[in-house]
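The values are calculated or read from the model by the stated rules, or taken from the named source; none is laboratory data. Since we're looking at a predicted model, the values are computed, not measured. Here the Cβ positions follow ideal geometry from the backbone for every residue, glycine too, while neighbour counts run over all protein chains shown. SASA here: full protein model, heavy atoms, side chains in, ligands and nucleic acids out. Shrake-Rupley method; radii C 1.70, N 1.55, O 1.52, S 1.80 Å.
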Amino acid sequence: MDILILLSNISLALGSFLLLTGALGFLRFPDFYSRLHACGVTETLAAFFIVLGLLLQSQDPLPQAKLLLILLFITFSSPTASHALAKAAWRAGIRPPGEHSAPADKPRG
Amino acid sequence: MLAIAVLITLFVMVLGLARAFAGPGVFDRILAANLFGTKTVLFIAMSGYLFGRPDFLDIAVAYALINYISVVGVLRYFELRNEDQPEPQE
């Protein structure tokens, strides 16, 4: 039982570290798409590790089932929300900085 | 370790609020709202285990669903609104 508590603490620590680095990138990156990348990637993985840490710590089967449900839902919905944000920002006209930022739906050739 | 993780989650939520106030344009603020919502889910789940009541997980499941639906709904509104009037760059 002690090894489970140790693994749970390691997983919670990893999740907390990912939260901190994601928040730092979210505050400091220069434009929207890099902020979106920092926030979306670290948020999904940090949620995964934190819920995994809680899953290793719980004993009854019903909270474990609920935690598994949260884990599956966040793993599927957080990247989808990031894609929806990127698509909405692209359609609204926000472009990443650079001189070759042409819209993708212009016909080529 | 659980208490430290709860404090770090609270700190990250405050940082997300800072970006929500300062972010140029509306999409930065929607991103900050999404961040705040998912961190709230983690905060509720961890607080439940910290106080010895894992029954809070029901609230966490419900809030995860609500947060996702509301972010996608708000984005759909802004995407359709901004189709003919493009969003000003920062």
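Odds and ends about this structure:
- Single residue of the stretch A:50-82 satisfying the filter (of a type outside the set (Gly, Ala, Ser), at the interface with chain B (Cβ under 10 Å from one of its Cβ atoms) and open to solvent by 50 Å² or more (accessible area, probe 1.4 Å)) that is farthest from A:Ile3 (Cα to Cα): A:Thr80
- Condition check for B:Ala20: of a type in the set (A, V, I, L, M), buried (at least 18 other Cβ atoms within 10 Å of the Cβ) and touching a residue at least 12 places away in the same chain (Cβ under 8 Å): no
- The stretch B:23-34, residues that are within 11 Å of the chain's Cα centre (by Cα) and buried (at least 20 other Cβ atoms within 10 Å of the Cβ): B:Ile30, B:Leu31, B:Ala32, B:Asn34
- Pairs, first among the hydroxyl-bearing types (Ser, Thr, Tyr) in the stretch A:62-83, second open to solvent by 40 Å² or more (accessible area, probe 1.4 Å), C-beta under 7 Å, six or more apart: A:Thr75/A:Phe48; A:Ser77/B:Tyr68
- Taken over the stretch B:35-74, the criterion of being surrounded by 23 or more Cβ atoms within 10 Å (Cβ to Cβ) and touching a Leu at 6+ places or on another chain (Cβ under 7 Å) is satisfied by B:Ala45, B:Met46, B:Leu57.
- Pairing each residue of the stretch B:32-53 that is within 8 Å of chain A (Cβ to nearest Cβ) and more than 21 Å from A:Leu62 (Cα to Cα) with any residue that is among the acidic types (Asp, Glu) and surrounded by 24 or more Cβ atoms within 10 Å (Cβ to Cβ), provided the two are 6+ apart or on different chains, yields C-beta distances under 7 Å for B:Leu35/A:Glu43; B:Thr38/A:Glu43.
- Meets criteria (free of Cβ contacts under 8 Å to residues at least 24 places away in the same chain and touching a Leu at 6+ places or on another chain (Cβ under 9 Å)) for A:Leu36: no
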